[in-house]
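Comments concern the structure below.
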Amino acid sequence: MVADGDTGSLPGASHRIPDQIVFHADVDCFYAACERLRHPELVGEPVVIGMGYEDGEEHGAVATASYEAREYGVESAQSINEALDKLPRCETVDCRAETPCATYLPVDMEYYESVSDDVMSILEEYADSLRRVSIDEAYIDVTHRASWEDAATLARELKNRIRNEVGVTASVGGAPTMSAAKIASDYQKPNGLVMIPPEQLQKFLTDLPVEDVHGVGPVTADTLRKMGIKTAGDVRTFDVTELEREFGERGREIWLRSHGYDEREVTPMEDAKSISNETSLPATADMEVKREKIQALVDQVTTRATEKEVLYRTIGIKVVEPPFDVSTRERSLPAAVNEPELVEDIVFDLLEEFTETKARKVGVRVSNLSFGGKQARLTDWDVQSEDDVGNPYRGTDEKTHHTGRDGDTSLSDFS
Ligand code: DCP
Ligand code: MG
C-alpha cells in the first residue's frame, strides 16, 4: 500500500520526515565549467576534460564533459578513445568547423580546487552547518535561515551569487532530508532548482526509479527489479521485514529512504581512512560459522559506508588464528563503489583461502575511500584481460601475514 502523505505509519523515531531544511548544491559539469572561466571562448561549446590525458594524445578517461558534448554521448568514465569516436578533437580552441567537434583538455586539479574553495565559501555563508562531500558538492543546513515558503528564494539567491561571484552554475535541491536533497539537485540539471517540502516528499519519491534511492547500487537494483520493484513507490508496497529478509539491515534502509525517512543531520565530514569491524568467535574452522560472522560484518560496514555516503575501492578481510596469527587479504577494484553485494562476494571469495583455518576473530574492512562521488557502473570498469571481460570482481589482491599481538601497529588501522 502506498502511504503518500503518511509521515507516521510506524512507531519509532526514524519513521518520520525530519523537521529540517537541507540544501544540496552540485556544480554543473564542474571541471569543464572551471576551464570555461579561463577560456571563455569555450562557453556554449563541447568540452571534454580527460583524466590521464595529455594534449593531442588518445589515452586517459573522460573526467567530465560539458552538456553540449554529452549530447553526442560523451560521458564520465568513458575512455578518451571512445569519446573521440563520438566527437573528434577540434583543430583549435576557437574552432568554428562545420562538423561537430570538442575541445579536449587535461585535468588541472590545483586550479579546480581553488574554484571549489570559492564556491564552498559562498555556501558556508548560507549554512548553519556544511558537509562538503566532493570537490563540487556540499550539503548545507538552512533550517534557521529559511522557511519552506521562502526556501526557493534563498536557493535562487545562493545560485546567483555562485554564478556572479565565481562564474559557474550550480544545481540546488532542497528537502527535509539529505538523501532527498541530493536527488532534488540532480533532478533538473544543469542550473536546476528543485524544492521538495515535507508534504510533497513521499509523492515525489513514488515514481523515483529504485536505482536512484539512496543506498541502492546496480547489483541491488537488479535484484529489486527481479522482485518486481521498479520505483521507490514499489518499495513501499513491501513490508519492511520482507526487504530485511532479502537484504539484511540494508533492506530496512532502502525501505526507510523510499518513505523519505532519513534522520541524518548535516555534520562536517570526518576524515576517515577506512571503515571496518571485527568480531570474535569460539576458535573454529567451520566455514558456516566464519561465513555467518563475516556476513554480519559486511552488513554493518556497508551500512556505515552508505550512511556516510562513502565509496570504497579496496575490500578486505582479516583472520586471526589462535593465539596471535593475523592474516589479511584485500582486493582493490578498478573504481570506487558502494555495493554491499559485491563486498559480500569478494570477502567470501577471499575467505576461501582460509577454509581449513581455525579462526578466533574475523574482520571486514573497506578502504581507499572517496566521499560523496558517484559510483561507476559495473560495465564502466576497466577489465584487465580478455578473460576478465564483464567480471567486476577482478581486481588486484594484496596479502599480509603477521604474528604478534593482534592489534599491533602494522594492523592498527584495521579497526
Ligand atoms: N569526476 C571524475 N570522474 C568521474 C566523475 C566525476 O573525475 N567518474 C570529476 C569531474 C567532475 C567532478 O568530478 O567535473 C564533479 O563530479 P560530478 O559527478 O558532479 O560531475 P560534473 O560536475 O562534471 O557534472 P554534473 O553537471 O552532472 O554535476
Ligand atoms: Mg557536479
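The values are calculated or read from the model by the stated rules, or taken from the named source; none is laboratory data. This is a predicted model, so every value here is computed, not measured. Ideal geometry is used to build each Cβ from the backbone, glycine not excepted, and the neighbour counts take in all protein chains shown. Calculation scope for accessible area: heavy atoms of the full protein, side chains included, ligands and nucleic acids excluded. Shrake-Rupley method; radii C 1.70, N 1.55, O 1.52, S 1.80 Å.
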message = Given (1) among the small types (G, A, S); (2) over 18 Å from N191 (Cβ atoms); (3) surrounded by 13 or more Cβ atoms within 10 Å (Cβ to Cβ), identify the lone condition not met by S114.
response = (3)
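If the requirement is being crowded, with 17+ Cβ neighbours inside 10 Å and assigned to a helix (DSSP H, G or I), which of these qualifies: I294, I275, I315?
Details: I275 fails: assigned to a helix (DSSP H, G or I); I315 fails: assigned to a helix (DSSP H, G or I).
Exactly one residue qualifies, and that residue is I294.
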note = Within the range 241-267, the residues that are assigned to a helix (DSSP H, G or I) and β-branched (V, I, T) are T241, I254
request  = All but one of (1) out of contact with any Asp or Glu (no Cβ under 8 Å at 6 or more places or on another chain); (2) part of a helix (DSSP H, G or I); (3) within 26 Å of E68 (Cα to Cα); (4) within 16 Å of ligand 1 (Cβ to nearest atom) hold for R156, so report the exception by its number.
outcome  = (4)
task = Would you point out which residue out of T314, T328, T302, T284 is over 24 Å from the mean Cα position of the chain (by Cα) and within 17 Å of S367 (Cα to Cα)?
result = T328
request  = Evaluate the range 75-88: report whether one residue or more is away from ligand 1 (no atom under 15 Å from the Cβ) and among the hydrophobic types (A, V, I, L, M, F, W, C).
outcome  = yes
The range 51-67 - residue that is open to solvent by 20 Å² or more (accessible area, probe 1.4 Å) and within 16 Å of ligand 2 (Cβ to nearest atom) and, of those, farthest from A170 (Cα to Cα) = M51
task = Note down all Cβ pairs under 6 Å where the first residue falls in the range 176-203 and is under 19 Å from E137 (Cα atoms) and away from ligand 2 (no atom under 16 Å from the Cβ), the second is part of a strand (DSSP E or B) and among the β-branched types (V, I, T), and they're at least six residues apart or on different chains.
result = M178/V22
task = Look through the range 122-141, keep the residues that are within 23 Å of the chain's Cα centre (by Cα) and more than 16 Å from ligand 2 (Cβ to nearest atom), and return whichever of them is farthest from A180 (Cα to Cα).
result = E124
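Taking the condition of a type in the set (S, T, Y), in contact (Cβ under 8 Å) with a residue 40 or more places away in the chain and either open to solvent by 30 Å² or more (accessible area, probe 1.4 Å) or in contact with a Gly (Cβ under 6 Å, 6 or more places away or on another chain) (or both), does T306 pass? First the steps, then the outcome.
On the way: of a type in the set (S, T, Y): yes; in contact (Cβ under 8 Å) with a residue 40 or more places away in the chain: yes; either open to solvent by 30 Å² or more (accessible area, probe 1.4 Å) or in contact with a Gly (Cβ under 6 Å, 6 or more places away or on another chain) (or both): yes.
In short, yes.
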Residue check for S121: over 13 Å from E45 (Cβ atoms) and away from ligand 1 (no atom under 15 Å from the Cβ) = yes
All strands (runs of 3 or more DSSP E) inside the range 52-134 with 2 or more residues being modelled with pLDDT under 90 = 129-134
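Take A146 and decide whether it is surrounded by 13 or more Cβ atoms within 10 Å (Cβ to Cβ), assigned to a loop (DSSP other than H, G, I, E, B), over 27 Å from the mean Cα position of the chain (by Cα) and touching a residue at least 60 places away in the same chain (Cβ under 8 Å).
Values: surrounded by 13 or more Cβ atoms within 10 Å (Cβ to Cβ): yes; assigned to a loop (DSSP other than H, G, I, E, B): yes; over 27 Å from the mean Cα position of the chain (by Cα): yes; touching a residue at least 60 places away in the same chain (Cβ under 8 Å): yes.
Against the criterion (surrounded by 13 or more Cβ atoms within 10 Å (Cβ to Cβ), assigned to a loop (DSSP other than H, G, I, E, B), over 27 Å from the mean Cα position of the chain (by Cα) and touching a residue at least 60 places away in the same chain (Cβ under 8 Å)), A146 qualifies.
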key: Number of the exception - N81 against (1) under 28 Å from A335 (Cα atoms); (2) in contact with a strand residue (DSSP E or B) (Cβ under 6 Å, 6 or more places away or on another chain); (3) polar (S, T, N, Q)   = (2)
